[in-house]
Amino acid sequence: MTNAKTGDKVKVHFTGSLEDGTVFGSTMNEESFEFIIGEKNMLPGFENAVVGMQKEDIKTITLPPEDAYGPHKKELVSAMERSGFPKEIQLEVGKRLRIRTQDGKYTMVTIKDFTEDSIVLDENDPLAGKTLTFKIELVDII
């Protein structure tokens, strides 16, 4: 059988979970996920885990925060006045929004908290600071 290597287009199924067992993503009941190993469209640890696998192999890996989405950075959490926030947006804790920053760029934020006067926004990826476990099945090497 052929082993997956850098440059190969592969199809995988995966389930991603947190240390407490909470599943944050899975393709097990969906179409398999395709990517090219080495194009850096996946977490490096995920890509590296697929290298050497053969069709139908199953592997479980654990990635610490520094090998996944990095540490949670307190400096990326900030409060803004609620009056400066569009009134048509329904506020709810955990909601993800695409906003424009003061320098004109766009970024994704999560609503962490809100009061009558302010909204706390977090620019960290929701998985930042977390240890991630992936169960990976190599479906095919294309």
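Some observations on this one:
Residue-wise test of (1) surrounded by 14 or more Cβ atoms within 10 Å (Cβ to Cβ); (2) closer than 22 Å to residue 127 by Cα.
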residue	(1), (2)
15	yes, yes
19	no, yes
75	no, yes
88	no, no
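- Pairs linking a residue in the range 105-118 that is more than 13 Å from residue 85 (Cα to Cα) and not assigned by TED's automatic domain parsing to the domain that holds residue 89 to a residue that is loosely packed, with under 10 Cβ neighbours inside 10 Å and not aromatic (Phe, Trp, Tyr), with Cβ atoms under 9 Å and 6 or more positions apart or on different chains, do not occur.
- Hits in the range 35-47 - residues which are farther than 23 Å from residue 126 by Cα and either in contact with a strand residue (DSSP E or B) (Cβ under 9 Å, 6 or more places away or on another chain) or in a strand (DSSP E or B) (or both): 36, 37
- Cross-chain or 6+ apart pairs with Cβ under 8 Å, the range 76-101 first and at positive phi, then surrounded by 10 or more Cβ atoms within 10 Å (Cβ to Cβ): 94/110; 94/111
- Criterion: within 18 Å of the chain's Cα centre (by Cα) and surrounded by fewer than 19 Cβ atoms within 10 Å (Cβ to Cβ) - qualifying residue of 125, 140: 125
- Against the test of being surrounded by 14 or more Cβ atoms within 10 Å (Cβ to Cβ), in contact with a helix residue (DSSP H, G or I) (Cβ under 7 Å, 6 or more places away or on another chain), assigned by TED's automatic domain parsing to the domain that holds residue 16 and in contact (Cβ under 8 Å) with a residue 40 or more places away in the chain, the options 63, 132 yield a single qualifying residue, 63.
- Residue within the range 90-106 that is crowded, with 16+ Cβ neighbours inside 10 Å, farther than 22 Å from residue 15 by Cα and not β-branched (Val, Ile, Thr) present: no
- Residue pairs meeting the criteria (Cβ under 9 Å; at least 6 apart or on separate chains; first in the same structural domain as residue 13 (by TED's automatic domain parsing), in the range 37-57; second part of a loop (DSSP other than H, G, I, E, B) and among the basic types (Lys, Arg)): 37/5; 38/5; 47/40; 51/5; 52/5
The values are calculated or read from the model by the stated rules, or taken from the named source; none is laboratory data. Note that the structure is a prediction, hence the values are computed from the model and not measured. Neighbour counts are summed over all protein chains in view; Cβ atoms, including those assigned to glycine, are modelled from backbone coordinates with ideal geometry.
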